[in-house]
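Taking it in order: structure first as structure tokens, then the write-up.
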Amino acid sequence: MRFDYERENIVIVGLGMTGISCVNFFLSKGIIPRVMDSRITPPYLHKLSNKIKYCSLGEFNEKWLLKASLIIVSPGISLNNPKLMLAADRGIKIIGDIDLFLRETTIPVVAITGSNGKSTVTSLIGKMAGFAGWRTGIGGNIGFPALVLLKNQSCQLYVLELSSFQLETTYYMKTIKAATVLNVHQEHINRYPLGIEEYRKVKIKIYQQADFCIFNAEDNMTFPDNNFTARSITFGIDSGDYHLTYREGNIWITAYDNLLLNCSQIQLKGLHNYMNILAALALAKAVDIPIEACISAIKTFRGLPHRLEIVHEKNGICWINDSKSTNPSSTQAAIEYVIEYVQCKRGGVLHLLLGGDSKNTDFMILSPLLKERKVKIYCFGKDGYKMMAIRPDVSTFTENLEKAMYLIRNQIKPGDCVLLSPACASVDQFENFENRGNLFTTLARKIG
């Protein structure tokens with residue numbers, strides 16, 4: 001099905017990376033949209049083509065919105081914006097860049113969402129396809145905006161990481177071959193005031209038109225709704241088509257009750273990463289990536305930056321950058337990993353860095369994990385004081401990450417481990433989690 005936009009009155013809302021990709025998409029079709037941003041100087045304004053005749057900055061132009069026949073909204077902009085709600089009430093179609101992308105391609109798409117692990121799974125599937133010799137485009141919420149991938153006409157498979165924000169404005173999903181919701185944890189409470197069930201409903205939209213549905217057999221939060229009709233492949237710790245088997249002190253990746261790969265041969269460690277591998281294998285099966293290529297990819301995959309990345313080891317002290325952990329469940333997995341694979345071998349103190357913008361999230365799930373452990377906690381940023389409640393007896397507040405790092409320098413001893421796993425968004429003091437992780441890495445190498 002081809003979509004004709006020539007008769008549409010198109011308005012693009014947001015001039016970040018995604019918004020510019022939408023502008024360029026329409027320009028490539030000879031269509032000149034109107035664009036707007038609530039910011040006076042949006043970050044990608046300098047990339048805006050001089051072909052654009054109408055650009056409104058500093059506010060959303062209500063008149064333009066209400067005269068539009070199609071509005072393209074960037075994922076960072078809430079549909080609860082009053083002007084967008086008014087447009088929606090008038091029956092004006094509001095979609096996002098992922099909808100545009102899926103309308104345009106006929107190439108099979110693997111779509112991945114979840115509160116945690118989606119970047120790792122997306123990248124691992126891309127690596128699996130690469131080992132099979134497939135030409136693959138990877139993007140969405142990771143790497144390139146989806147529309148940029150259309151420039152490569154030779155792709156045999158697209159792998160998209162999708163956030164809940166992107167799924168809010170995605171309706172056309174007929175080209176999705178396989179879809180998964182890896183997990184659903186409390187996150188983005190400020191965006192979903194009705195709570196985790198509202199957040200979950202957005203996530204499971206990903207299944208609606210997929211040929212194959214991949215979900216955690218042990219987690220009903222990842223299940224499709226009752227009218228689900230696609231074929232299923234499941235994964236889980238102890239059950240599912242892909243699961244873990246414990247045999248003679250070893251953990252095995254198991255596929256349909258056949259031992260597939262000993263986890264001792266895998267560079268990624270931790271139960272959360274084994275779950276990511278199981279999900280990736282299930283998705284790979286759905287699109288027929290050869291199992292031999294999958295195993296080769298798993299054995300060589302070292303993970304992604306800012307995700308439990310050991311960035312410095314010196315004087316018996318290990319420094320781990322897990323800046324990507326922006327919610328408590330992800331930090332919980334990071335602490336469990338450090339306890340099992342790092343701290344238990346060293347016997348020292350865990351120096352844990354927490355802080356940033358909590359977005360009203362509850363952090364007390366971390367308290368039992370840290371109870372009676374050799375741990376010192378350094379809380380920084382906007383909600384640092386709030387996070388001290390996890391274990392106030394061993395917590396110190398600092399204004400920012402840098403001050404916390406220099407405080408740690410005076411306390412660390414051989415055998416200790418320093419873990420940045422903030423459990424918060426970085427937007428209070430950093431442009432993104434990468435900048436936060438880069439600062440941690442730089443300081444670790446400087447003072448460690």
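Any idea what log10 I(q)/I(0) is at q = 0.08, 0.13 Å⁻¹ for the chain, Debye with uniform C-alpha scatterers and no solvent? Rounded to two decimals, the profile gives -0.49, -1.24. The aspartates and glutamates within cross-link reach of Lys413, meaning a Cα-to-Cα straight distance under 15 Å and a gap of 8 or more places when in the same chain, are Glu313. Treating the angle as unsigned and between 0 and 90°, give the value, to the nearest 10°, between the Cα long axis of helix 271-286 and the longest Cα principal axis of the chain. Orientation of helix 271-286: about 40 degrees from the principal axis. Projecting the Cα atoms of Gly114, Ile335, Phe3 onto the charge dipole of the chain, computed from C-beta unit charges around the Cα centre, puts Phe3 farthest toward the positive end. In segment 168-244, taking the dipole from charged Cβ atoms about the Cα centre, the farthest positive-side position among Ala230, His188, Asn216 is held by Ala230.
Helical runs (DSSP H, four residues minimum) scored at -39500 (n - 2.57) apiece and divided by the length of the chain put the mean residue ellipticity at 222 nm at -8500 deg cm²/dmol.
In terms of its C-alpha gyration tensor, segment 188-343 has an oblate overall shape, because the principal axis ratio a/c (a ≥ b ≥ c, square roots of the eigenvalues) is not below 1.5 and a/b does not outweigh b/c. Surface composition of the chain: carbon plus sulfur atoms hold 49% of the accessible area, using a 1.4 angstrom probe and ignoring ligands, DNA and RNA.
With both residues required to sit in the chain, DSSP beta bridges show an antiparallel share near 20%. Filter the cross-link list Lys63/Lys118; Lys53/Lys203; Lys47/Lys285; Lys67/Lys324; Lys371/Lys403 down to pairs whose alpha-carbon distance in this structure exceeds 31 Å. Pairs exceeding the cut-off: Lys63/Lys118; Lys53/Lys203; Lys47/Lys285; Lys67/Lys324. Ligands, DNA and RNA excluded, the heavy atoms of His185 present near 60 Å² of accessible surface to a 1.4 Å solvent probe. Using a probe of 1.4 angstrom and keeping all protein chains present, the accessible surface of segment 1-79 works out to 53 square angstrom per residue. Put the Cα centre of segment 233-252 next to the Cα centre of segment 361-414 and the gap is 35 Å.
The protection proxy used here, the mean number of other Cβ atoms lying within 10 Å of each residue, ranks peptides 296-305, 283-292 as follows, highest first: 283-292, 296-305. A 1.4 Å probe run over the protein chains yields, for segment 228-333, 42 Å² of accessible area per residue, whole-number rounding. Against the main long axis of the alpha-carbon atoms of the chain, helix 291-300 sits at an angle near 60°.
Beyond 23 Å, the tail of the calculated P(r) for segment 307-432 holds 21 percent of the Cα pairs.
Cross-link reach is defined here as a Cα-Cα straight distance under 17 Å, omitting same-chain residues fewer than 8 places apart; for Lys151 the lysines meeting it are Lys29.
For segment 330-437, GluC sites (Glu not before Pro) meeting the loop criterion (DSSP other than H, G, I, E, B) and having at most 12 other Cβ atoms within 10 Å: Glu372, Glu399, Glu431. The aspartates and glutamates within cross-link reach of Lys376, meaning a Cα-to-Cα straight distance under 15 Å and a gap of 8 or more places when in the same chain, are Asp393, Asp416.
The values are calculated or read from the model by the stated rules, or taken from the named source; none is laboratory data. What you are looking at is a predicted structure, and each value in this text was computed from that prediction instead of being measured. Counting neighbours? That spans all protein chains shown, and the Cβs are built from the backbone with ideal geometry, glycine included. Note: accessible area is taken over every heavy atom of the protein model, side chains too, but ligands, DNA and RNA are not part of it. Shrake-Rupley method; radii C 1.70, N 1.55, O 1.52, S 1.80 Å.
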